[in-house]
C-alpha cells in the first residue's frame, strides 16, 4: 500500500533534488517564474524556464534542481514510482512503463489538477489520503499515456523525425527576428500545417507557437545578458512587434521586466 502517493508541496523558493524513488510534477503558479536546472545525456547542464501553462515532469533520481523567486511560486506533486507502475499496468497492461523527463511540457490537464489543489491549499484545506489516492491513480494513467517512451514504429510515429525537427528548429533560429507562421514551418518539412503542429507538439511537448515564443524569450535573455544594445533593438532582434509587447511577454515567462533582468545580470557579474 502506498501512503500519500501524491502530495502537493508549496516550493519554498530554494532548490531541491528529486528523491530516489519519487516522480515529481512541478506546476508553476499563474504568475510565477520557475526554472529547472538539469543534466543532459552528454553530461552537460541546461536550464528550462517553466511558466504557466507549462509543467515539468522530473524522474526519480534525476540530477535536477528547481529554483523559484518567491515562496509558494510552484506546486510539486510527488508520486511513488511503484504506485505509478501499478496504476499504469492495471489500466493499460504491460509490466513496465518507462517515463521520459519533460522539463517544460504543455499539459492543460495537469494544469487544471494543480489549480484545483492550489485552491484547496489557499482555503487552508489540506487534501487527505482519501482525496489524493484516487486522484493519483488518474494522474498515473495520464502520465503513462502521454509521457512514456514508445517503442519504435514505422506506422505510428511519436513526433517529427529528428532530421525534420532539426530543420524546423534551425529555421526558427535563423528567422527569429521575423514573423514565423505555422504554415511556413510546415512547408519546410513538406507537411500540412495541421499534421505538422500535432507532430511538432509530440516531439517537443510544446505547440509550435509556444515553442517560438520561448525561443524569442531565450534570444532576448542572451542579448540582455551579453550586450549593451537598447531594449527596443533587442525587442526587434528577438522578433517582438513592439517594445511593449516584448516587455509583457518577457515578464510573463521570466518574472522580470527586460530592464530588471539586465540589472540582475550585471549585479551577478559584478
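On inspection, residue 165 fails the criterion of being out of contact with any strand residue (DSSP E or B) (no Cβ under 9 Å at 6 or more places or on another chain), crowded, with 17+ Cβ neighbours inside 10 Å and under 30 Å from residue 233 (Cα atoms).
Contact map, the stretch 73-86: residues that are within 15 Å of residue 36 (Cβ to Cβ) and not assigned by TED's automatic domain parsing to the domain that holds residue 30 paired with residues that are buried (at least 22 other Cβ atoms within 10 Å of the Cβ) and at pLDDT 90 or above, Cβ distance under 9 Å, separation 6+ or inter-chain. No pairs are found.
Counting only residues that are farther than 17 Å from residue 177 by Cβ and either free of Cβ contacts under 8 Å to residues at least 60 places away in the same chain or out of contact with any strand residue (DSSP E or B) (no Cβ under 8 Å at 6 or more places or on another chain) (or both), the stretch 238-254 holds 5 of them.
Looking across the stretch 220-237 at every residue that is touching a residue at least 40 places away in the same chain (Cβ under 8 Å) and crowded, with 18+ Cβ neighbours inside 10 Å, the one that is farthest from residue 174 (Cα to Cα) is identified as 224. Exactly one residue among 240, 194 is in contact with a helix residue (DSSP H, G or I) (Cβ under 9 Å, 6 or more places away or on another chain) and either under 20 Å from residue 54 (Cα atoms) or surrounded by 19 or more Cβ atoms within 10 Å (Cβ to Cβ) (or both), and that residue is 240.
The values are calculated or read from the model by the stated rules, or taken from the named source; none is laboratory data. If you're wondering where the values come from, they're calculated on a predicted model, not measured in any experiment. All Cβ positions, even for glycine, are placed from backbone atoms using ideal geometry, and neighbour counts span all protein chains on display.
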